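Trainee: Handing you this structure, nothing more for now.
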Amino acid sequence: MTKVLIALLTVPVLCATLAAADLSGVWTLNFDPDFGGNPDSADCTFKQDGAKLQIQCGSGAPSTGEINGQKVTFQTKTGLHNELTATFTAELDRQGTTMTGTWHLVDQDKKDLNGKFDAKKH
């Protein structure tokens, strides 16, 4: 009987852990290195609808992404005329309040640029 009771009490905790985090809110992203001439951090507003993300960083172009378990991917436009696309891939912590990962972009000279980033939810 005790084993059954322990199992029943464990299920809600397990389900809460497996539930997807809600990324909606303001996040500060820190880049290492920056994109070249851009600030080394940015405040971005994430809006989550299921697995889909809408991201707005400052006055830049709106971006999209997705969350799959603890993996977060999104793309943002950058460059003088928003002609470049940076791709971000990150792992979300269990609490859903920080993420760490990498960014990649191909610049106007077709050069691959890569870096790391971390983000914290306000």
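Trainee: Residues Lys121, Lys111: which one is basic (Lys, Arg) and open to solvent by less than 70 Å² (accessible area, probe 1.4 Å)?
Mentor: Lys121
Trainee: Does Asp32 fit the bill of being at pLDDT 90 or above and acidic (Asp, Glu)?
Mentor: yes
Trainee: Further question on the same structure: For Thr64, are the conditions met, namely being under 25 Å from Ala21 (Cα atoms) and of a type in the set (Ser, Thr, Tyr)?
Mentor: Considered against the rule, which asks whether it is under 25 Å from Ala21 (Cα atoms) and of a type in the set (Ser, Thr, Tyr), Thr64 comes out as yes.
Trainee: A further question on this structure: Could you tell me how many of the residues in the stretch 106-122 are farther than 17 Å from Val72 by Cβ and either in a strand (DSSP E or B) or among the hydroxyl-bearing types (Ser, Thr, Tyr) (or both)?
Mentor: 4
Trainee: Condition test on Ser24, is it closer than 27 Å to Leu113 by Cα and either surrounded by 10 or more Cβ atoms within 10 Å (Cβ to Cβ) or modelled with pLDDT of 95 or more (or both)?
Mentor: Judged against the criteria, Ser24 is not a match.
The values are calculated or read from the model by the stated rules, or taken from the named source; none is laboratory data. Not measured: the values here are computed from a predicted model. Glycine gets a Cβ as well: all are built from the backbone with ideal geometry, and neighbour counts include every protein chain shown. Ligands, DNA and RNA are excluded from the accessible area calculation, which covers all protein heavy atoms including side chains. Shrake-Rupley method; radii C 1.70, N 1.55, O 1.52, S 1.80 Å.
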